[in-house]
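First up is the structure itself, then whatever we jot down about it.
Nothing in this text is a laboratory measurement; each read-out follows from the coordinates by a stated rule. For clarity, every value in this text was computed on a predicted model and none was experimentally measured. Here Cβ is always computed from backbone atoms with ideal geometry, including for glycine, and neighbour counts include all displayed protein chains.
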Amino acid sequence: MKGRTAEPDASRFFLIGNNLALDFVNTEIVCDGAPLDLLTDIADFATWGVGASLLTATQANTLLHAWSQRSKGVPQQVLSFRKTLSGIFRDLLRGNSVSAESLAAVSEVLNRHKGRVELRKTPSGFEKRLQADYTDPRQLLAPIAEAAADLLCGADLRYLRRCENPKCVLIFHDTTKSHRRRWCSMAACGNRAKAASFYRRQQRSGRRRP
Ligand SMILES: [Zn+2]
């Protein structure tokens, strides 16, 4: 049986968070009112890694071959770390305090999976990325944990936001100058919300007509 490959097209993932850890949390979405996990197997995780610029497509396929020998599933540790991060960010969004256990889990990943630091240029400036050899898929958690730590320690958390579409659970760090970003993306939720409000306005003005 031919194994799955990491697809070069990662467009099904929502890489809209302005932070790697938020993009990782955003692999759990809501679609037609039902929760949907976009990481169904290890190939999805590799494809997400390509989309998030953690891996090149070639590197992802080489790694995926080795990873799949051990398990086709996403390691439990990856999924539980996503749950931990999701809990941290959603607690912050609700104004709740973040538990010491959650912070310890982030520290633990940072300490367990050591890597080397690389500085890169981004369209808006520079970023620091922790790189590893990724022979174990769980090593991808290191740069994710690093991004979470950077966000928690260095970002203005007032601009951590959840998409305003009540049916959408995506979260992002609003880095716009005006800090008035409302949607995960205009295409996914912004236009839909605009169309809905246009429709409501049309309905109201239609009813007023004699
Ligand atoms: Zn949205």
Scope the range 123-147; condition part of a helix (DSSP H, G or I) and either closer than 16 Å to residue 175 by Cβ or touching a Cys at 6+ places or on another chain (Cβ under 6 Å) (or both); matching residues: 147
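Restricting the range 155-169 to residues that are surrounded by fewer than 14 Cβ atoms within 10 Å (Cβ to Cβ) and outside any helix (DSSP H, G or I), which is farthest from the ligand (Cβ to nearest atom)?
The residue in question is 156.
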Elements of type helices (runs of 4 or more DSSP H) contained in the range 1-110, each with 1 or more residues being surrounded by fewer than 22 Cβ atoms within 10 Å (Cβ to Cβ) and touching a helix residue (DSSP H, G or I) at 6+ places or on another chain (Cβ under 9 Å): 42-51, 57-70, 76-94
Conditions (1) within 16 Å of the ligand (Cβ to nearest atom); (2) surrounded by 14 or more Cβ atoms within 10 Å (Cβ to Cβ); (3) part of a helix (DSSP H, G or I): number failed by residue 172: (3)
Qualifying residue in the range 17-36 (condition: touching a residue at least 12 places away in the same chain (Cβ under 8 Å), in contact with a strand residue (DSSP E or B) (Cβ under 7 Å, 6 or more places away or on another chain) and of a type in the set (Phe, Trp, Tyr)): no
Residue count, the range 124-154 (criterion: surrounded by 15 or more Cβ atoms within 10 Å (Cβ to Cβ) and over 22 Å from residue 45 (Cβ atoms)): 1
